[in-house]
Amino acid sequence: MEHFPALFAPVQIGSLKLKNRIAMAPMLVGYAHQDGRVSQSVIDYYETRAQGGAGLIFVEAACVDSPAGLEGMGQLRVDEDTCVEGLARLAQAIKQHGAGAFIQLFHAGRQTKKSITGVQPVAPSPISCPMINEEPRQLDSREIKVIEEKFIKAAHYARSAGFDGVEIHAAHGYLINQFLSPHSNQRHDEYGGSLENRMRILMNIVKGIRNINPELAISVRINIDDFVPQGLKEDESIEICRHLEPAGASLIHCSCGTYESGLTSIEPASYQQGWKIYLAEAVKKAVSIPVIGGGMVSSPQFASQLLEEGRCDLIFLGRTLLADPHWPNKARQGELADIRPCIRCNQCISSNFKGMPVSCTVNPHTGREKQFQWTTKPVPKYRSAVIGSGPAGLQAAISLSRLGLEVTLFEKEIQGGGLMNLAGMPPHKQRILDLRDYMLGQLKQSKVEQVYSYEFRPEDVDRLKPDFIVMATGSVPVIPDIEGIEPKGHLSLEEILTGKVCPRSQHLLVIGGGENGCETADFLAQAGNKVTIIEAGRILAPGMEKKNRRDLMNRLQTRGVVRKTSSQVIKIDKNRVWIAREQESPEIIEADAIVLAVGYKPYHPLYKDLKQLGDNLYIIGDALRVRGFKSAILEAELTVSMIARQKLGI
Ligand SMILES: Cc1cc2nc3c(=O)[nH]c(=O)nc-3n(C[C@H](O)[C@H](O)[C@H](O)COP(=O)(O)O)c2cc1C
Ligand code: SF4
């Protein structure tokens with residue numbers, strides 16, 4: 001039986017009929033060769049998403065004018081006829097699974113750096129983006145015409161490669177958006193000033209492509225709101241969309257935000273599912289061509305409801321498909337518990353900003369699509385034990401079982417999930433509990449024998465005789481070496497986040513301003529407590545992903561959390577702490593209670609007893625070195641892969 005008929009109803013885009021209304025959003029993943037050509041990783045990544053059932057795949061921002069228009073390493077290029085051969089293999093890989101294949105045509109304008117392109121960034125006006133801080137060179141009108149031609153030419157290359165459509169990237173603060181927005185376009189010629197002049201470059205490109213390629217579908221991704229002062233706002237954007245339709249656009253793809261406005265184009269975890277659908281809804285009322293809306297969409301019920309209510313014609317899914325490329329097929333079959341949830345940690349975009357290929361916390365296969373595909377030849381009877389059921393242990397147990405091994409999972413607590421049970425408790429972190437439930441659900445469906453409330457002992461090795469042991473015993477809190485500290489007399493993160501202790505209207509001191517300390521402070525402040533964070537370093541949560549960090553810092557500010565950085569706790573006496581600050585006399589703060597949040601250290605009590613197993617003992621995740629979920633899950637998968645290849649020869 002097919003579920004969610006509204007999601008799986010076909011839709012017509014110009015002369016192209018799509019099998020359903022799920023569009024994979026363009027996402028620059030950085031898997032291309034360094035010269036911008038299509039690599040096998042690019043093909044594997046997109047082919048997997050097409051196989052997963054999306055009706056339309058937008059291939060990521062591909063540069064029409066390198067080097068000036070490039071944004072990052074490993075970015076695809078579509079600016080020479082030599083690019084066509086690789087792009088043709090890519091289009092074919094997508095289309096053979098019944099998905100429509102579009103490619104996004106891109107120029108960075110001022111949102112790039114000389115260190116990436118080797119040349120000074122260019123823009124409509126010499127106004128630098130505050131997040132980049134490099135003054136761009138103003139394009140003259142002759143150069144603008146050359147760039148228009150490059151977009152038109154790129155569309156021709158895409159068509160020659162067999163793509164069904166192209167998308168003009170006119171959103172997110174890149175070159176075309178810079179022209180549209182009075183915030184970044186202060187020209188006085190035919191490309192600046194009035195709306196008609198500001199949208200000239202976009203209209204010339206759309207009309208130019210349409211003239212040469214009457215059959216090619218043209219999507220325009222446009223900001224309906226830039227969310228910056230003097231930026232593009234709904235009224236002007238809708239006017240632009242009204243002009244795009246007669247100019248030849250087949251599809252409007254609604255988005256918002258720029259580098260400068262920060263959080264709205266790739267949102268942190270606190271944003272609600274579908275929060276910006278009102279933008280698409282407004283466009284839909286103004287045009288008759290199909291409109292794509294989305295943003296933070298993760299549940300098939302919700303996506304389907306948006307379509308049923310007529311708020312847009314297609315739904316875009318970005319990170320949701322990085323986390324689980326098979327979301328569309330699983331939704332259609334009603335296998336909702338099998339969808340691996342995106343936890344909105346933004347580690348994907350964070351790797352992108354660091355110039356690294358995109359990888360996903362919850363899905364170790366993203367960007368490694370073929371790496372973990374073992375041949376399914378029968379495995380000789382091997383027995384394995386996994387100790388610990390945090391993210392590393394769960395992933396290892398599930399994958400070993402899929403490999404065909406007999407697996408017993410030992411957990412000393414009464415329930416599985418390890419630190420996911422705590423990490424999912426602070427505000428806006430609940431998706432981590434969804435991930436825990438997903439992993440426990442996969443475990444339940446597997447043949448893994450589960451033993452809870454049992455601490456694995458060395459004698460169990462003689463009894464069970466496992467061929468392999470995977471030790472995933474996680475980590476335990478660090479007790480800082482501070483004069484007067486009485487660990488039992490202070491609160492732990494566990495006591496707070498599990499609700500064993502529920503302080504209300506108290507003054508609490510959180511010692512340690514890393515990610516865990518700050519999130520716990522947020523949790524406590526939300527419950528109506530007065531909270532002070534004391535951190536020895538210069539900034540709070542330095543290792544946290546930028547967008548979620550900025551969002552968390554804003555919340556701490558709004559909730560009145562006092563933040564004392566560069567502050568070393570030198571002594572504790574009951575609930576009083578002595579704090580030393582550079583060049584200042586020590587301060588004494590008294591509170592109702594102290595919460596210790598100075599981090600975690602590896603926990604592997606059995607290591608000494610089990611090390612005689614030699615290379616049949618694997619220590620993974622935080623038990624090896626504390627690094628968090630992403631490394632834990634990846635390491636589990638890499639370990640299983642190693643066992644498959646090296647020990648089982650498959
Ligand atoms: C890793 C990554 C790369 C992205 N690259 C692009 C891009 O190339 N072009 C684009 O228009 N948007 C890009 N985006 C934005 C997404 O298309 C999408 O609008 C955004 O992630 C919000 O949708 P979601 O909540 O479904 O992920 C990117 C997002 C991510 C996470
Ligand atoms: S890295 Fe995090 S935000 Fe990005 S897709 Fe994966 S789970 Fe989602």
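What number, in percent, do you get for the relative contact order of segment 48-116 if the mean sequence gap of Cα pairs under 8 Å and at least 6 apart is divided by its residue count? Kindly include the intermediate steps, with their values, before the conclusion.
Values: 100 pairs, mean separation 32.9, N = 69.
Rounded, it is 48 percent for segment 48-116.
Expected output is a single nm value to one decimal: the length gained when fully extending between E245 and S566, i.e. 0.36 nm times separation in residues minus the C-alpha distance. What is it? Kindly include the intermediate steps, with their values, before the conclusion.
On the way: separation 321, 0.36 × 321 = 115.56 nm, distance 5.65 nm.
109.9 nm is the gain from fully extending E245 to S566.
Percent relative contact order of segment 487-598, based on C-alpha pairs within less than 8 angstrom and at least six residues apart? Mind dumping the intermediate values first?
Details: 216 pairs, mean separation 37.1, N = 112.
Relative contact order, segment 487-598: 33 percent.
Taking K465 as the anchor, which lysines have their alpha carbon closer than 16 Å to its alpha carbon, excluding any fewer than eight residues away along the same chain?
Cα-Cα hits under 16 Å: K381, K611.
Taking the beta-carbon count within 10 Å as an exposure proxy, list W578, W327, W275 from fewest neighbours to most. Let's see the in-between values first.
Values: W578 17, W327 29, W275 14.
By the 10 Å Cβ count, ascending: W275, W578, W327.
Once the Cα atoms of helix 40-51 and of the chain are each reduced to a long axis, what angle between those two axes, in degrees from 0 to 90 to the nearest 10, is obtained?
For 40-51 against the chain, the angle is about 90 degrees.
Rounded to the nearest 5, what % of the DSSP beta bridges within the chain are antiparallel ones? Spell out each step's value before the answer.
Details: 17 of 83 bridges.
Percent antiparallel among DSSP bridges in the chain is about 20.
Quick check on segment 484-599: of the DSSP beta bridges with both residues there, what percent are antiparallel, nearest 5%? Each step should come with its number before you reach the end.
Working: 11 of 25 bridges.
Of the beta bridges lying entirely in segment 484-599, close to 45 percent run antiparallel.
From the backbone phi of segment 181-186, what are the Karplus-calculated ³J(HN,Hα) couplings (6.51 cos²θ - 1.76 cosθ + 1.60, θ = phi - 60°) in whole Hz, Gly and Pro given as x?
Listing the rounded values in order: 8, x, 5, 10, 10, 10 Hz.
Most exposed first by the Cβ proxy, i.e. fewest other Cβ within 10 Å, how do V598, V461, V577 rank? Write down the numbers at each step before the final one.
Details: V598 22, V461 18, V577 25.
If I rank by nearby Cβ atoms, fewest first, I get V461, V598, V577.
Greater than 19 Å separation of Cα atoms is the criterion. Which listed pairs, K429/K546; K233/K284; K429/K547, meet it? Write down the numbers at each step before the final one.
Working: K429/K546 16 Å; K233/K284 16 Å; K429/K547 14 Å.
In this structure, not one pair exceeds 19 Å between Cα atoms.
Each reported figure results from applying straightforward, stated rules to the coordinates on display, with no laboratory input. These numbers were taken from a predicted model, which means no experiment stands behind them. Neighbour counts run over all protein chains shown; Cβ positions are idealised from the backbone, glycine included.
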